[in-house]
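A.B. asks: This structure is in structure tokens; I'll ask about it shortly.
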Amino acid sequence: MLKVGIDIGGTKIAGGVVDASGRILEQLRVDTPVDTRALADAVIAMVRSLRESHDVEAVGVAAAGFVDRDRASVIHAPNIAWRNEPLKAVLEARIDLPVTIENDANAAGWAEFRFGAGRNVDNMVMLTMGTGVGGAVVLDGALFRGGHGIAAELGHTRFSRDGLLCGCGQQGCLEQYASGRALQREANAIADAGGMGAGLAAVRAGQGTLEGAAISRLVMAGDPGAVEALRRVATALGEACGGFQAVLDPELFVIGGGVAQLGDQLLGPVRIAYETSLPGYGDRPVAAFAIAQLGNDAGLIGAADLAIADPIASV
């Protein structure tokens, strides 16, 4: 059985034909149009192109935002002008295939559970450290979506009362303290303070800004300011994982996103903060931590795997 997976990002749309083992047989990428009608046109054109050489049975679409329980409409999207957008119906009207809509973090988490770092466990939490913090929860082998379909927005759990303003409208959300953007903010603060921030300040002076890739290079080189910036962000993530453990009790936390490329440099301080935040630590089982394995392809792989080829059989 072959399915098409589509991952709609803020700047790129990635699409691919995926087989039952999670292998991508063909892949395409295009820029994400700003206009929502043009965006739908781009997705439809991509699906039609991929179908020319493959016998496809269904389409799964991953999109950032709140997706309803029926996996049919995008209730709210942060970066695209979708408000209660009936995306499934819009696409199915022009594609002679069943279409399933899924939250992008859920799709990526499901791909890691099925084919990546989480394939040997039944209970897993995935956190993606990108511009924000995405989340996905798998419990007893099933993706947890909640009563309204929009569960596992882990980056928007309240981490600090009256904390930093978040794009969701609340204050103190985890993603303001444990994301790639948070790493840049901490690095700039350390650069401003001088002392161990001298290396960060020098890079910023030369490049005009402190991008994530430059901070990562400094971390790997052992720059004390960059390492401290990472420790602060990793500590916030680890403390939050201690809370998620108390509620969800996963066997494994999978960490993805751009910051996760730092591997053990990230996971070391995450584990320390996690362990010291656990209720009953020392007398209870603890979760393992792993870096995501599927990279930027996880969203389209997961969306394809979650696509329902026979809607009638799923009722």
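The values are calculated or read from the model by the stated rules, or taken from the named source; none is laboratory data. Nothing here was measured: the structure is a model prediction, and the numbers come from that model. No Cβ is skipped: glycine too gets one built from the backbone with ideal geometry, and neighbour counts run over all protein chains shown. Just so you know, the surface numbers come from the protein's heavy atoms only, side chains and all, with ligands and any DNA or RNA stripped out. Shrake-Rupley method; radii C 1.70, N 1.55, O 1.52, S 1.80 Å.
A.B. asks: Can you pull out the trypsin sites (Lys or Arg not before Pro) in the stretch 1-79 whose DSSP state is coil and whose Cβ has at most 15 other Cβ atoms within 10 Å?
C.D. replies: Here the trypsin sites (Lys or Arg not before Pro) that fit, given the DSSP loop and packing criteria, are Arg23, Arg69.
A.B. asks: In addition: At 1.4 Å probe size, with every protein chain present, just tell me what the per residue accessible area of the stretch 119-211 comes to in Å².
C.D. replies: 48 Å²
A.B. asks: So, one more: Determine the percent antiparallel among the DSSP beta bridges restricted to the chain, to the nearest 5.
C.D. replies: 55 percent
A.B. asks: Output the 0 to 90 degree angle, nearest 10, between the alpha-carbon long axis of helix 36-51 and the longest principal axis computed from the alpha carbons of the chain.
C.D. replies: Relative to the chain, helix 36-51 is tipped by roughly 70 degrees.
A.B. asks: Give the angle, between 0 and 90 degrees and rounded to the nearest 10, that separates the Cα long axis of helix 104-115 from the longest principal axis of the Cα atoms of the chain.
C.D. replies: 90 degrees
A.B. asks: May I have the extent of the alpha carbons of the stretch 26-118 along their three principal axes, as whole Å values ordered from largest to smallest?
C.D. replies: That gives 33, 33, 25 Å along the principal axes, largest extent first.
A.B. asks: Still on this structure, please answer the following. Show that you can apply the helix-only estimate: for the chain, add -39,500 (n - 2.57) for every DSSP H stretch of four or more residues, divide by all residues, and state [θ] at 222 nm to the nearest 500.
C.D. replies: -11500 deg cm²/dmol
A.B. asks: Take the solvent-accessible surface of the protein heavy atoms, probe 1.4 Å, and return the percent of it on the stretch 31-148 that carbon and sulfur atoms account for.
C.D. replies: Carbon and sulfur together cover 45 percent of it.
A.B. asks: I've got another one for you. Relative to the longest principal axis of the chain, what angle (0 to 90°, nearest 10) does the C-alpha long axis of helix 198-207 take?
C.D. replies: 50 degrees
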